[in-house]
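Undergrad: Below are the structure tokens for one structure; questions will follow.
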């Protein structure tokens, strides 16, 4: 389980200003802003939570804080294991999370199998168990045909599945996926969506950010919509569609964004 308690993340940016006068000049100044602004929610064991919002809404920053990759300016993140015990040890915390983002880098000169073997050793998993897990992952993600191909030779969809495999080798309790199906073909995207559904059935916690609204409607138990760092709507896909009087989640999303932009 993950609990976000009043999370905030503040950054600084440069803003150009126009000076008045005969000769118009521009000067710059620094200003602070909140990418995530007082966000609180809870994700239960065996739940898939979708995080939706336009570009720049703060989704990736939020996920990075939840995944312990970025410290919040204020607020806190609490993570519990499947027995309900809060995890405070930094090493155990990393072992509990499988994090996937668009910036994930792989070892291009290795095959997927070699990379997974290496990561298994880093996580101090027994060799026999590593072999078993790699074979299982290959079947789950339909990777058996290219497990031994060098990563630099893989297609976009195959590379994305290799990235997800990297998140699975240590069998974490929590998956944090930031746009995992972006730019993938239908078969590759379906393999990833089916994998996430299977993980939910195993009692895993899944946080899932996407721009594909049909995918979120099909997959997610609950959704939070973010705009300018704040949660502007929360509920199951059916609840949000009913509240917005929309026939699908895409239409509901547009109506929510129109409402908040008009304020």
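Read-outs throughout are calculated quantities, based only on the coordinates presented, and are distinct from any laboratory measurement. Values in this document were obtained by computation on a predicted structure and should not be read as measured data.
Undergrad: How compact is the stretch 224-263 by the rule of thumb for globular proteins, expressed as Cα Rg over 2.2 N^0.38 Å?
TA: Against the empirical 2.2 N^0.38 Å value, I get 1.06 for the stretch 224-263.
Undergrad: Hey, in the GNM for the chain with a 10 angstrom Cα cutoff, which one of 39, 140, 15 fluctuates hardest?
TA: Among 39, 140, 15, the largest GNM mean-square fluctuation belongs to 15.
Undergrad: Could you state the orientation-averaged shadow area of the convex hull built on the Cα atoms of the stretch 126-252, in nm² to one decimal?
TA: The number I arrive at for the stretch 126-252 is 9.3 nm².
Undergrad: Would you report the distance distribution of C-alpha pairs in the stretch 43-185 as whole percents per 5 angstrom bin, up to the bin with the largest distance?
TA: Distribution as computed: 2, 9, 17, 20, 20, 16, 11, 5, 1, 0 percent.
Undergrad: Could I ask something else about it? Picking from 205, 61, 14, which is most flexible by a Gaussian network model of the chain using Cα springs under 10 Å?
TA: 14
Undergrad: Pick the calculated semi-axes √(5λ) of the Cα gyration tensor in Å for this structure from (i) 26, 21, 20; (ii) 34, 23, 20; (iii) 39, 21, 16?
TA: Recomputing semi-axes √(5λ) of the Cα gyration tensor in Å here gives the entry labelled (ii).
Undergrad: Distances longer than 15 Å among the Cα atoms of the stretch 101-198: what percent of all pairs is that?
TA: 57
Undergrad: Which of these, 30, 204, 105, has the largest mean-square fluctuation under a Gaussian network model of the chain (Cα springs below 10 Å)?
TA: Between 30, 204, 105, it is 30 that shows the largest mean-square fluctuation.
Undergrad: Can you tell me the orientation of helix 112-122 relative to the chain, as the angle in degrees between its alpha-carbon axis and the longest Cα principal axis, to the nearest 10?
TA: So the helix axis and the longest Cα principal axis differ by about 90 degrees.
Undergrad: Once the Cα atoms of helix 127-140 and of the chain are each reduced to a long axis, what angle between those two axes, in degrees from 0 to 90 to the nearest 10, is obtained?
TA: 60
Undergrad: Now for a different question. Take the Cα atoms of the stretch 79-124, find their three principal axes, and give me the spread along each one in whole Å, biggest first.
TA: Projected onto the principal axes, the Cα atoms of the stretch 79-124 cover 40, 26, 16 Å.
Undergrad: In degrees from 0 to 90, rounded to the nearest 10, what is the angle of the helix 156-168 Cα long axis to the longest principal axis of the chain?
TA: That works out to roughly 80 degrees.
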